[in-house]
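The values are calculated or read from the model by the stated rules, or taken from the named source; none is laboratory data. Note that the coordinates shown come from a computational prediction; the quantities given were computed from them, not determined experimentally. A quick note on method: Cβ atoms are made from the backbone with ideal geometry, for glycine too, and the neighbour counts reach across all protein chains shown.
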Amino acid sequence: MILSFTLDGEPRTLDLDPGLRAVDVLREHCGVTAPKEGCGTGECGACAVLVDGEVRLSCLMLAAQLDGRTVTTARGLGGAGPHPVQEALADRGGVQCGFCTPGVAVTAAAFLERHPDPTRAEIRDALSGNLCRCTGYHKIVDAVEDAAERMRKERGGRK
Amino acid sequence: MSPLPSMGSRSRRFDAPDKALGRERFAADEYPENLLWAGALRAGAPHGLVRGVDTARAEAMPGVVAVLTAGDVPGANRQGFIYWDMPVLCGDKVRHAGDPVALVVAETREILAEALLAIEPDIEPLPVVDGLDAALAPDAPRVHDLETGNVLKQATVRKGDARAALDRCDVVIEETFFTPQQAHCFLETENGTARMDAAGIIHMTVSTQSPFRDRYEVGQALGIPQERLHVIAPFLGGGFGGKDGVTVQCLLALAAMHAGGRPVKMWWSREESLLAGYKRHAARMRFRLGAGADGALRALVCDLDYDTGAYAHLGVEIMALGLEHASGPYRVETLEANGRCVYTNNPVAGAFRGFGVAQVSFAFEGMMDRLADRLGMDPLELRLQNAIRRGDRNGVGVAMTASTGMAECLAGLREHPLWRTRGAWVREAPPLTRRGVGVAAVLNGMGYGRGLADMAVAKVRLTVDGRFRIYNGVSDMGQGNSPTFVRMACHVLNQDESGMELVQPDTDRSHPSGSAAAGRTTYTYGKALIRACEAMRDKLLHRAAMALLVDDVADLELAPGAVRHPATGRALPLALLGSKLHPDDRCCVSEAMMPVTRDVPEGGEAFRLGFPHLIFPYAAHLARVEVDELTGRVAVADYVAFTDGGRVLDPQTYEQQVQGAVAQGLGYALWEDCAAEGGRLLATDLSTYVIPGAGDLPDIESHAVETVEESGPFGMKGIGEVGMNGPLPAVASALLRMGLPMTRAPFTPERILAALGGDDS
């Protein structure tokens, strides 16, 4: 099956078995390894990507479901540079081993689009599908709070 | 040595930006061209004799490159690096359900999965040794052919005559504690790629904590000279001890030998990781603690049984640390600690952060709480009264000559608002909710201990374009040792991080520096790196003296990107220096070793390796805990940790270690139980093995108690492990104060409800 989709801003056309998992299409066939696989069963969130702006777990999607879509991974989340969430994760110590980080970044970025001024409890709730075994989440929550502030300032600056 | 300039600052880790952008390449991200996939067929049966393995159907499948069984393994077919008891592929017997009986190499993952299903192993079941009781029963079936039955190692360490002292104590407390198997659950499961080149050298990129020792282990297991094994260890997606020792390596190297020179990838699924990966040892700990009416600890007698599962891995060394830490961070006049490391048909237990100590921390702190209760003393004051201080001898008689900040940690906690207001907080509990505030005091020996040189070899190079490249020799599994190395090198060489490059361990490029383990990575490699950087600085000043026509190198200084002569303002750019020096002259290599104690505990001679320790980080933890009386659910509302890790090099990385360890420890306390029934794991994925999520944990407040560890780089000591040991006893301490004396972890709602009904089973 010929699949056409946009991946991190670049058009891609591939001839692939539509039954492949989307995470494998992205990682193996497109060479974009930002989405990670931590469980393969939709529990850890490491493979999270944005599909037409919505958070989706690429380990639970089939290749065919990418056709015609716009897919954004942590690699392309901020466009040309890093997304404020990624800057904040790096600055605030939200990154340790880094394997869950791309999924956390994608999830948090989508969350902040809808919740520009969240509480820590709301952030924790939003990240409940992203398992991290290194940080204990404290600094990830710090980072998402910080990113919210950065994004509010950016918006304010544009006015 | 002057403090690092970054002390107190919270600048980002060197490795963080690439990781946040998803650009860092982990072992799992390697997909070389023309890739083959390898996978193992697991026994399924926990104990049995292998009558045969019918591979005919699998071999006949199109796209199957090789199907291998025990007969195809060259060399000893034994891995394990101390006891060498674990087959690469089982040919005669399987000892746990995750034992591999066949290895398949195939063109695609899909073909691999089909081929594994097509293999028919013929395993004659044997009675299953499903735990400590079954293993230690008279006439128990033997997991291995040992004269000692299923007891791999039995040992006793003593200080004085604890039994006699126990008889003379005013108060004697007795209790038995149980801890479960715990799974590491690093997000990046065990994986790697391997390729054998035309010269017969096998190149492997593996998620491993021990790349250099892997060469030895794989070499022995497969009969390959070590120099034909090249191991690269990129940043790991977590390790925590579960990648200390081979996981995929032997199978992967074997697969590469049958792949016709093509690269082979093996990546365990989460289910396979749970089934075949290493675990924390389940333990049973019977403690008897005797004290004076004044609360002075007079005698401790304990019996520790560690379930090492089907193979030894580091089980004996882990049990040794249990014995060594059995009396906790306290002055105890006499001690008798008896340990047994026992084979069963459970999953293989091995290294895990808090290596044997996380278990006994539950027990010794449980005893302190019970003693405080019995004596009517404040539990924190009792701990402070008995806290080990510099100059004391610890429970196994080793003199504490290094930094010893236990009392300072407890003193910090005593003044903390959450401790001072505990009474009011408990009284204000909402209806049907019980509240308690618990404390725990813990420690964890740093480094390998005596008998196994804790050494590292650091290498730093001036590149031809004038940058400095650090060749890390100890894996970075996320703990941040390598970004800390960059910070140290920047300090000694007076450079900005923009002038630094960092190479992760590679057996062809960096030097053997031991495993990423035991809270040693920053300490030992850091010490070596400081020396290497000092040698580099000295070298460059001398080389620059020639070019700048300066008579005394003392008149020169290293500056970012240049060697400067402040008196004249002249400077020699490092890029120019780099381009002029011979490659051999642009490199400095230095080594360092961790000091060990000369004290030999009575009975300690039973352990050749890793016992006892000289330097200990300490911690005091506080947990505010709520119990829902209707559901039995336990929630940790607030958490505070005071940690003595010597001087703090980087507050952010320090807090990361504390918070991450506390999270793992709270998982251990409340949810995580990698239980097997009849040798078969009940958990198959992350919905049945539950690790804490963002909503399950409180914010974790971290305070550093800055002692100075004179032997350490910039005065630091490693805190990777100590934080793991506090949460389980701190939560138990809170529960005890609510009238819930828990002796079995984790504290599931079922167990809490039973305890509310007066039953702790």
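This table checks each residue for (1) assigned to a strand (DSSP E or B); (2) of a type in the set (Val, Ile, Thr); (3) at pLDDT below 95.
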position	(1), (2), (3)
B:Leu254	no, no, no
B:Gly260	no, no, no
B:Leu275	no, no, no
B:Met285	yes, no, no
B:Gly290	yes, no, no
B:Ala293	no, no, no
B:Val316	no, yes, no
B:Ala320	no, no, no
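So, in the stretch A:28-42, how many residues would count as being buried (at least 22 other Cβ atoms within 10 Å of the Cβ) and either facing another protein chain (nearest Cβ under 7 Å) or within 12 Å of the chain's Cα centre (by Cα) (or both)?
Count: 6.
Here is a yes/no grid of residues against (1) within 25 Å of A:His138 (Cα to Cα); (2) free of Cβ contacts under 8 Å to residues at least 24 places away in the same chain; (3) touching a helix residue (DSSP H, G or I) at 6+ places or on another chain (Cβ under 6 Å):
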{"position": "B:Leu682", "(1), (2), (3)": "no, yes, no"}
{"position": "B:Val708", "(1), (2), (3)": "no, no, yes"}
{"position": "B:Pro713", "(1), (2), (3)": "no, no, yes"}
{"position": "B:Leu728", "(1), (2), (3)": "yes, no, yes"}
{"position": "B:Leu736", "(1), (2), (3)": "no, no, yes"}
{"position": "B:Gly739", "(1), (2), (3)": "no, no, no"}
{"position": "B:Leu756", "(1), (2), (3)": "no, no, no"}
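From the list B:Ser498, B:Ser475, exactly one residue is within 30 Å of B:Asp585 (Cα to Cα), assigned to a helix (DSSP H, G or I) and among the polar types (S, T, N, Q). Which is it?
B:Ser498
Report the residue count in the stretch B:696-747 for those that are within 18 Å of B:Val627 (Cβ to Cβ) and within 11 Å of chain A (Cβ to nearest Cβ).
Residues flagged as within 18 Å of B:Val627 (Cβ to Cβ) and within 11 Å of chain A (Cβ to nearest Cβ) within the stretch B:696-747 amount to 4.
Hey, which of the strands (runs of 3 or more DSSP E) in the stretch B:617-710, taking only ones fully inside, have at least 2 residues that are assigned by TED's automatic domain parsing to the domain that holds B:Arg414, of a type in the set (Phe, Trp, Tyr) and in contact with an Asp or Glu (Cβ under 9 Å, 6 or more places away or on another chain)?
B:634-644
Consider the stretch B:394-431. How many of its residues are surrounded by 16 or more Cβ atoms within 10 Å (Cβ to Cβ) and of a type in the set (Asp, Glu)?
The total comes to 1.
Looking only at the stretch B:372-408, which residues are part of a loop (DSSP other than H, G, I, E, B), of a type in the set (A, V, I, L, M, F, W, C) and within 21 Å of B:Phe642 (Cβ to Cβ)?
B:Met377, B:Ile388, B:Met400, B:Ala402
So which residues in the stretch B:582-594 are farther than 17 Å from B:Asn472 by Cα and surrounded by fewer than 16 Cβ atoms within 10 Å (Cβ to Cβ)?
Result: B:His582, B:Pro583, B:Asp584, B:Asp585.
One residue is enough: does the stretch B:53-67 have a residue meeting the conditions surrounded by 16 or more Cβ atoms within 10 Å (Cβ to Cβ), touching a residue at least 12 places away in the same chain (Cβ under 8 Å), in contact with a Gly (Cβ under 7 Å, 6 or more places away or on another chain) and β-branched (Val, Ile, Thr)?
Checked the stretch B:53-67: no residue is surrounded by 16 or more Cβ atoms within 10 Å (Cβ to Cβ), touching a residue at least 12 places away in the same chain (Cβ under 8 Å), in contact with a Gly (Cβ under 7 Å, 6 or more places away or on another chain) and β-branched (Val, Ile, Thr).
Looking for whichever is in contact with a strand residue (DSSP E or B) (Cβ under 7 Å, 6 or more places away or on another chain) and over 18 Å from B:Gly238 (Cα atoms) here; the options are B:Ser510, B:Ser498, B:Ser482. Which one fits?
When all the criteria are applied, what remains is B:Ser510.
Taking the condition of being in contact with a Pro (Cβ under 9 Å, 6 or more places away or on another chain) and at the interface with another protein chain (Cβ under 7 Å from one of its Cβ atoms), how many residues in the stretch A:106-124 meet it?
0
Examine the stretch B:139-150 for a residue that is within 30 Å of A:Thr101 (Cα to Cα) and in contact with a Leu (Cβ under 8 Å, 6 or more places away or on another chain), and state whether such a residue exists.
No, every residue in the stretch B:139-150 fails to be within 30 Å of A:Thr101 (Cα to Cα) and in contact with a Leu (Cβ under 8 Å, 6 or more places away or on another chain).
So A:Val71 fits all but one of (1) crowded, with 24+ Cβ neighbours inside 10 Å; (2) more than 9 Å from chain B (Cβ to nearest Cβ); (3) out of contact with any Asp or Glu (no Cβ under 9 Å at 6 or more places or on another chain); what number is the exception?
Looking at each condition in turn, A:Val71 falls short on (3).
Kindly list, by first and then second residue, each pair from a residue in the stretch A:45-68 that is outside the structural domain of A:Arg133 (by TED's automatic domain parsing) to a residue that is assigned to a loop (DSSP other than H, G, I, E, B) and among the aliphatic types (A, V, I, L, M), limited to pairs with Cβ atoms under 6 Å and residues at least 6 apart or on different chains.
A:Ala46/B:Leu187; A:Ala63/A:Leu16; A:Ala63/A:Leu20
Report, by residue number, each residue of the stretch B:629-648 that is more than 13 Å from chain A (Cβ to nearest Cβ) and crowded, with 24+ Cβ neighbours inside 10 Å.
Correct list: B:Val634, B:Phe642, B:Thr643, B:Asp644, B:Gly645, B:Gly646.
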